[in-house]
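Chemist: I'd like to ask some things about the structure below.
Values quoted throughout were computed directly from the atomic coordinates according to the rules given, and no laboratory measurement underlies them. Quantities reported herein were computed from a predicted structural model and do not represent experimental measurements. FYI the Cβ positions are ideal-geometry reconstructions off the backbone, even for glycines, and counts take in every protein chain you see.
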Amino acid sequence: MIKKKPLPIGKSIFSKVIEENLVILDKLAFDEIKTKQMVKVLDNLKLEGKILIVLPEPNKNVQRSSKNIEGVKTSLVNTINVYDLLKYSKLILTLDSVKSLEEVYQKV
């Protein structure tokens with residue numbers, strides 16, 4: 001059984017939608033650990049400022065590729081918190097992350 005999470009996280013994500021600070025990608029995966037690849041993705045998306053990338057499951061290549069970029073943090077669906085959603089101005093989700101969020105953070 002999937003444990004339901006509190007609504008403030010859902011409301012924080014919804015505020016990103018309203019503010020147009022949410023980007024949803026089909027997938028985010030790299031063949032190898034390369035910071036340059038992550039920088040290129042962020043440049044192509046024209047994202048600046050603090051960015052939170054939410055992944056549905058651990059992805060070593062994506063997590064390590066973004067680790068050395070200032071203002072960028074990766075998190076998993078089951079570990080995100082309201083503080084991070086408020087601290088980071090932009091939010092990047094994959095389609096799989098959205099599906100997981102719907103399961104975990106739906107209204108009880």
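Chemist: Given H placed 1.01 Å from N in the peptide plane, which residues other than close sequence neighbours of Val72 have an amide H under 5 Å from its amide H?
Modeler: Amide H to amide H, under 5 Å and 5 or more residues apart or across chains, Val72 pairs with Ile51.
Chemist: As a quick test, which of the pairs Lys36/Lys99; Lys40/Lys99; Lys40/Lys73; Lys34/Lys90; Lys11/Lys73; Lys11/Lys60 have an alpha carbon distance above 24 angstrom in this structure? Please list the in-between numbers first.
Modeler: On the way: Lys36/Lys99 28 Å; Lys40/Lys99 26 Å; Lys40/Lys73 16 Å; Lys34/Lys90 21 Å; Lys11/Lys73 20 Å; Lys11/Lys60 29 Å.
Over 24 Å apart, Cα to Cα: Lys36/Lys99; Lys40/Lys99; Lys11/Lys60.
Chemist: May I pose another question? Report, in degrees rounded to the nearest 10, the 0 to 90 angle that the Cα long axis of helix 95-104 makes with the longest principal axis of the chain.
Modeler: Computed tilt is about 30 degrees.
Chemist: Whose amide H sits under 5 Å from the amide H of Leu55, counting only residues 5 or more places off or on another chain, with H placed in the peptide plane?
Modeler: HN-HN under 5 Å from Leu55: Ser75, Leu76, Val77.
Chemist: Please list 3J(HN,Hα) in residue order for the stretch 13-30, calculated via the Karplus relation 6.51 cos²θ - 1.76 cosθ + 1.60 where θ = phi - 60°; whole Hz, with x for glycine and proline.
Modeler: 5, 4, 5, 5, 5, 4, 7, 6, 10, 10, 10, 10, 10, 4, 7, 9, 8, 10
Chemist: Find out how many positive minus negative residues lie around Leu86, taking Lys and Arg as positive, Asp and Glu as negative, among other residues whose Cβ is under 14 Å from that of Leu86. Provide the component values of the computation, followed by the final result.
Modeler: Working: positive: Lys11, Lys16, Lys50, Lys73, Lys87, Lys90; negative: Glu19, Asp84.
Once all neighbours under 14 Å are counted, the net charge is +4.
Chemist: Follow-up question, since we're still on this one. Run the numbers on the chain and let me know its relative contact order in percent, using alpha-carbon pairs under 8 Å that are six or more apart.
Modeler: Working: 162 pairs, mean separation 45.6, N = 108.
RCO, the chain: 42 percent.
Chemist: Report the gain in length on full extension from Ser89 to Asn44: 0.36 nm times residue separation, minus Cα-Cα distance, nm rounded to one decimal.
Modeler: Details: separation 45, 0.36 × 45 = 16.20 nm, distance 1.74 nm.
Working it through step by step, the gained length comes to 14.5 nm.
Chemist: Given 0.36 nm per residue, what is the gain on full extension from Glu57 to Ala29 after removing their alpha carbon distance, in nm? List each step's numbers first, then the result.
Modeler: Values: separation 28, 0.36 × 28 = 10.08 nm, distance 1.15 nm.
Value of the extension gain: 8.9 nm.
Chemist: Please work out the Kirkwood hydrodynamic radius for the stretch 7-104, using every pair of different C-alpha atoms, and report it in angstroms with one decimal place. Walk me through the numbers on the way to the answer.
Modeler: Values: mean 1/r = 0.0746 Å⁻¹.
When all Cα pairs of the stretch 7-104 are included, the Kirkwood radius is 13.4 Å.
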